[in-house]
Amino acid sequence: MIDTAPTTSQTYSQQSDASAVHTDRYLLRTPARRDGYDIWQLISACPPLDLNSVYSYLLLCEHFDKTCVVAETDGQIDGFVSAYQPPGRDDVLFIWQVAVHERGRGHGLGQRMLTSLLERPNLAHVRSLETTVGPDNAASRRMFAAVARNMGAGIEESPLFEPELFGPQAHDDERLLKIGPLRPTPG
Ligand SMILES: CC(C)(COP(=O)(O)OP(=O)(O)OC[C@H]1O[C@@H](n2cnc3c(N)ncnc32)[C@H](O)[C@@H]1OP(=O)(O)O)[C@@H](O)C(=O)NCCC(=O)NCCS
């Protein structure tokens, strides 16, 4: 009898995720419910990202999986991007958090996860990325600059969430970056 059951989480993912792509080392795939806690652990290891509740990562896996991606290798999650389409703005993908574990940094994984989202058929109509960055997050700024450069797109920066909007907890200014146009519009 042929055993068709997946032997690892990776093979399970490959079988069930039509938008999965491979890099040399990683499987980039849509997150599933079982990934929520692993994502929380990854984020907790990636300052200066805000660590949200495990529940919030479960919700992202459950309801926003089509616009989020995880990078998996040997059953470990080393990368994650959370994103969503702002209501009524189908041509925009808003990137919330991008995290790459220290052991996976410096090899283009952050950038590759972002482009893998844009390659998904359900996001084919996206024309610009939006995100926010802190003033001192050089790695994040360089990563988004590299994405813009590689897609021949421009970057506009403007104020969005000033520090006082975060209440008494100390939080950096979060400035809005708009990257686009990502693809020529038809005609
Ligand atoms: C930001 C982060 C996701 C980058 O991941 P990565 O896979 O190492 O990034 P990439 O290899 O795709 O790099 C893309 C570009 O950013 C640059 N970059 C990456 N890390 C950098 C760093 N620490 N300092 C300066 N530039 C950096 C790369 O040199 C590359 O630019 P280049 O093409 O001009 O050479 C990762 O460092 C991280 O998880 N940091 C902690 C969490 C965070 O700050 N997330 C971003 C906020 S949403």
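The values are calculated or read from the model by the stated rules, or taken from the named source; none is laboratory data. Small disclaimer: the values here were computed from a predicted structure and weren't measured. Glycine also receives a Cβ, built like all others from the backbone with ideal geometry; neighbour counts cover every protein chain displayed. SASA here: full protein model, heavy atoms, side chains in, ligands and nucleic acids out. Shrake-Rupley method; radii C 1.70, N 1.55, O 1.52, S 1.80 Å.
Can you tell me which residue in segment 143-161 is surrounded by the fewest Cβ atoms within 10 Å (Cβ to Cβ), limited to those that are within 15 Å of the ligand (Cβ to nearest atom) and outside any helix (DSSP H, G or I)? Ranking the candidates gives G152 first.
Looking at S116, S140, which is the one that is assigned to a helix (DSSP H, G or I) and either more than 7 Å from the ligand (Cβ to nearest atom) or loosely packed, with under 13 Cβ neighbours inside 10 Å (or both)?
Details: S140 fails: either more than 7 Å from the ligand (Cβ to nearest atom) or loosely packed, with under 13 Cβ neighbours inside 10 Å (or both).
Just one listed residue meets the conditions, S116.
Of all residues in segment 95-113, those satisfying the criterion of being surrounded by 13 or more Cβ atoms within 10 Å (Cβ to Cβ) and touching a strand residue (DSSP E or B) at 6+ places or on another chain (Cβ under 8 Å) are I95, W96, Q97, V98, A99, V100, H101, G104, L109, G110, R112, M113. For segment 70-79, does any single residue satisfy the condition of being within 17 Å of R120 (Cα to Cα) and touching a Gly at 6+ places or on another chain (Cβ under 7 Å)? Yes, segment 70-79 contains a residue that is within 17 Å of R120 (Cα to Cα) and touching a Gly at 6+ places or on another chain (Cβ under 7 Å).
I need a count of the residues in segment 23-66 that are in a helix (DSSP H, G or I), polar (S, T, N, Q) and open to solvent by less than 50 Å² (accessible area, probe 1.4 Å).
The initial filter retains those residues of segment 23-66 that are in a helix (DSSP H, G or I), namely 33-44, 54-63, 65-66.
Still in the running and polar (S, T, N, Q): 41, 44, 56.
The next check asks that each one be open to solvent by less than 50 Å² (accessible area, probe 1.4 Å); those that pass are 56.
Qualifying residue count, segment 23-66: 1.
If we scan segment 121-131, do we find a residue that is modelled with pLDDT of 95 or more, closer than 19 Å to P47 by Cα and either assigned to a loop (DSSP other than H, G, I, E, B) or within 12 Å of the ligand (Cβ to nearest atom) (or both)? Yes: segment 121-131 contains one or more residues that are modelled with pLDDT of 95 or more, closer than 19 Å to P47 by Cα and either assigned to a loop (DSSP other than H, G, I, E, B) or within 12 Å of the ligand (Cβ to nearest atom) (or both).
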